[in-house]
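First up is the structure itself, then whatever we jot down about it.
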Amino acid sequence: MVEKLRKSFQEVFETNKQPRTFLSPGRVNLIGEHTDYNGGYVFPCALSVGTYITIAPREDRNIRFYSDNFPDLGMIETSLDELDYNEKHDWANYPKGVLYMFKDQGHQGTKGFDAYFHGNIPNGAGLSSSASIELAMAIAWDALNGFEMERIPMVQLCQRAENDYIGVNCGIMDQFAIGMGKKDHAILLDCDTLDYSYAPVKLEGVKLVLANTNKRRGLADSKYNERRTECESALSDLQKVVSIKHLCELTPDQFRENQHVITGETEKRRAKHAVEENDRTILAHKKLQAGDVQVFGELMNESHRSLRDDYEVTGEELDALVEAAWEEPTVLGARMTGAGFGGCTVNLIKEADLDNTLKRIAKSYKQRTGIDTEFYVVDIGEGTREMINETK
Ligand code: GLA
């Protein structure tokens with residue numbers, strides 16, 4: 001792969017420079033949805049698919065981006081002195097946002113670069129291709145300039161690029177899972193303190209399968225920001241009676257005792273989801289550690305119901321795909337993953353007769369929605385890194 005990317009880089013930029021290649025994964029969240037910005041726990045892992053950046057410095061301050069996922073856009077050109085958001089720059093605003101934040105934090109680069117991007121994360125699937133691009137740019141820019149930024153500050157810098165430059169008010173989960181991922185492990189992350197631990201994902205005879213609704217996540221960003229605002233409003237009502245910084249500091253019992261102070265019914269349901277989902281995530285992690293995949297699966301199902309009924313971020317397609325999976329006796333758990341409103345579901349399915357199970361799920365989903373689904377059997381991969389001596 002690295003060799004192939006080097007050749008493509010040299011062709012596109014008409015150079016014989018020897019570039020460096022970095023790989024940044026996508027992510028899937030096993031459980032703990034819409035808890036990160038409420039100061040709760042998440043339990044994601046990095047995927048083996050991701051975004052490759054193949055990059056070499058230039059002698060001047062110019063920057064050229066090219067992505068073979070968007071060949072029609074051709075070369076996108078800017079410079080170290082023109083890093084402001086520019087609609088015409090399309091996807092390249094993601095890496096530009098990262099460069100902008102490095103500069104903002106006093107890490108100035110003096111030389112521009114040429115960068116060739118290649119991604120194999122399914123497009124629009126809600127597996128965080130944007131955070132993957134951000135971390136890819138960050139690690140490459142750091143390496144080119146020898147800034148030696150630690151990984152967690154780098155993760156936070158990429159979140160800032162998404163919040164303040166792109167304008168999506170996301171939490172820390174995606175960038176953290178991508179920057180800190182570990183092969184065959186999920187990460188239990190406390191999004192308030194950023195304390196984290198790795199949990200081995202050992203699924204004897206069970207596969208982790210993603211199913212794509214193939215529904216693009218339209219409106220997702222504005223709905224996402226709306227949910228955040230609703231949670232903030234519930235929090236400020238609760239703060240009149242309990243001393244908390246985040247919704248997820250409450251246990252479900254404490255929430256029940258105090259929920260009457262939340263003025264809006266909608267806000268109450270949003271907060272209920274956040275508190276209960278946080279509790280489920282802590283329990284789910286314990287169950288997985290104890291090898292109880294059955295209960296882990298049931299908690300995934302509960303998570304979906306809560307995201308459907310209380311948080312209202314699922315929608316027809318995600319519900320149809322999850323319900324199709326729930327009909328199968330070999331499915332231990334199924335839920336939407338990520339922000340919602342489209343994208344993928346995550347499923348735990350027994351290996352025995354997997355192909356036929358997937359065929360039946362696809363058929364049922366097609367009957368309900370008229371859309372074809374696609375499945376990806378997940379390999380949990382490493383976080384963002386340079387591709388040295390890796391042949392794949
Ligand atoms: C998106 C955001 C994350 C997180 C999830 C929902 O992926 O980028 O920060 O809030 O939605 O859990």
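The values are calculated or read from the model by the stated rules, or taken from the named source; none is laboratory data. As the structure is a prediction and not an experimental result, all values here were calculated from the model. Please note: Cβ atoms are built from the backbone with ideal geometry, for glycine as well, and neighbour counts cover all protein chains shown. Heavy atoms of the whole protein, side chains included, go into the accessibility calculation; ligands, DNA and RNA do not. Shrake-Rupley method; radii C 1.70, N 1.55, O 1.52, S 1.80 Å.
Of the conditions (1) assigned by TED's automatic domain parsing to the domain that holds residue 36; (2) open to solvent by less than 10 Å² (accessible area, probe 1.4 Å); (3) within 16 Å of the ligand (Cβ to nearest atom), residue 210 satisfies every one except a single condition; which number is it?
Among (1) assigned by TED's automatic domain parsing to the domain that holds residue 36; (2) open to solvent by less than 10 Å² (accessible area, probe 1.4 Å); (3) within 16 Å of the ligand (Cβ to nearest atom), the lone unmet condition for residue 210 is (1).
Would you check if there is a residue in the stretch 157-171 being open to solvent by less than 40 Å² (accessible area, probe 1.4 Å), within 19 Å of residue 385 (Cα to Cα) and touching a Ser or Thr at 6+ places or on another chain (Cβ under 7 Å)?
Within the stretch 157-171, not a single residue is open to solvent by less than 40 Å² (accessible area, probe 1.4 Å), within 19 Å of residue 385 (Cα to Cα) and touching a Ser or Thr at 6+ places or on another chain (Cβ under 7 Å).
Considering only the stretch 249-265, state which residues are open to solvent by 50 Å² or more (accessible area, probe 1.4 Å) and within 12 Å of residue 233 (Cα to Cα). If you could, list the steps in order and put the result at the bottom.
Of all residues in the stretch 249-265, those open to solvent by 50 Å² or more (accessible area, probe 1.4 Å) come to 249, 251, 253-254, 256-257, 259-260, 263, 265.
Within the stretch 249-265, 263, 265 qualify.
Would you call residue 161 within 15 Å of the ligand (Cβ to nearest atom), within 30 Å of residue 313 (Cα to Cα) and of a type outside the set (S, T, N, Q)? Walk me through how you get there before you give the answer.
Values: within 15 Å of the ligand (Cβ to nearest atom): yes; within 30 Å of residue 313 (Cα to Cα): yes; of a type outside the set (S, T, N, Q): yes.
The answer is yes for residue 161.
Give just the number: which of (1) under 20 Å from the mean Cα position of the chain (by Cα); (2) open to solvent by 20 Å² or more (accessible area, probe 1.4 Å) does residue 81 not satisfy?
All conditions are met except number (1).
If I filter the stretch 274-295 for residues that are in contact with a strand residue (DSSP E or B) (Cβ under 9 Å, 6 or more places away or on another chain), open to solvent by 10 Å² or more (accessible area, probe 1.4 Å), over 19 Å from residue 41 (Cα atoms) and not in a helix (DSSP H, G or I), do I get at least one hit?
Checked the stretch 274-295: no residue is in contact with a strand residue (DSSP E or B) (Cβ under 9 Å, 6 or more places away or on another chain), open to solvent by 10 Å² or more (accessible area, probe 1.4 Å), over 19 Å from residue 41 (Cα atoms) and not in a helix (DSSP H, G or I).
One line per residue, one yes/no per condition, for (1) in contact with a helix residue (DSSP H, G or I) (Cβ under 8 Å, 6 or more places away or on another chain); (2) part of a loop (DSSP other than H, G, I, E, B); (3) open to solvent by 50 Å² or more (accessible area, probe 1.4 Å):
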| position | (1), (2), (3) |
| --- | --- |
| 306 | yes, no, no |
| 313 | yes, yes, no |
| 317 | yes, no, no |
| 325 | yes, no, no |
| 329 | no, yes, yes |
| 333 | yes, no, no |
| 345 | yes, no, no |
| 357 | no, no, no |
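Which residues, counting only those in the stretch 338-385, are aliphatic (A, V, I, L, M) and within 16 Å of the ligand (Cβ to nearest atom)?
In the first step, residues of the stretch 338-385 are kept if they are aliphatic (A, V, I, L, M); the result is 339, 346, 348-349, 352, 354, 358, 361-362, 371, 377-378, 380.
Those that are aliphatic (A, V, I, L, M) and within 16 Å of the ligand (Cβ to nearest atom): 339, 346.
Would the stretch 14-24 turn up any residue that is buried (at least 21 other Cβ atoms within 10 Å of the Cβ) and within 16 Å of the ligand (Cβ to nearest atom)? Quick ask: steps written out before the conclusion?
Step one: filter the stretch 14-24 for residues buried (at least 21 other Cβ atoms within 10 Å of the Cβ), giving 19, 21-24.
Retained after the next criterion (residues that are within 16 Å of the ligand (Cβ to nearest atom)): 24.
Checked the stretch 14-24: at least one residue is buried (at least 21 other Cβ atoms within 10 Å of the Cβ) and within 16 Å of the ligand (Cβ to nearest atom).
I'd like to know if the stretch 93-107 contains one or more residues that are touching a strand residue (DSSP E or B) at 6+ places or on another chain (Cβ under 6 Å) and touching a residue at least 24 places away in the same chain (Cβ under 8 Å).
Initial filter on the stretch 93-107 (touching a strand residue (DSSP E or B) at 6+ places or on another chain (Cβ under 6 Å)): none.
The answer is no, given that none of the residues of the stretch 93-107 is touching a strand residue (DSSP E or B) at 6+ places or on another chain (Cβ under 6 Å) and touching a residue at least 24 places away in the same chain (Cβ under 8 Å).
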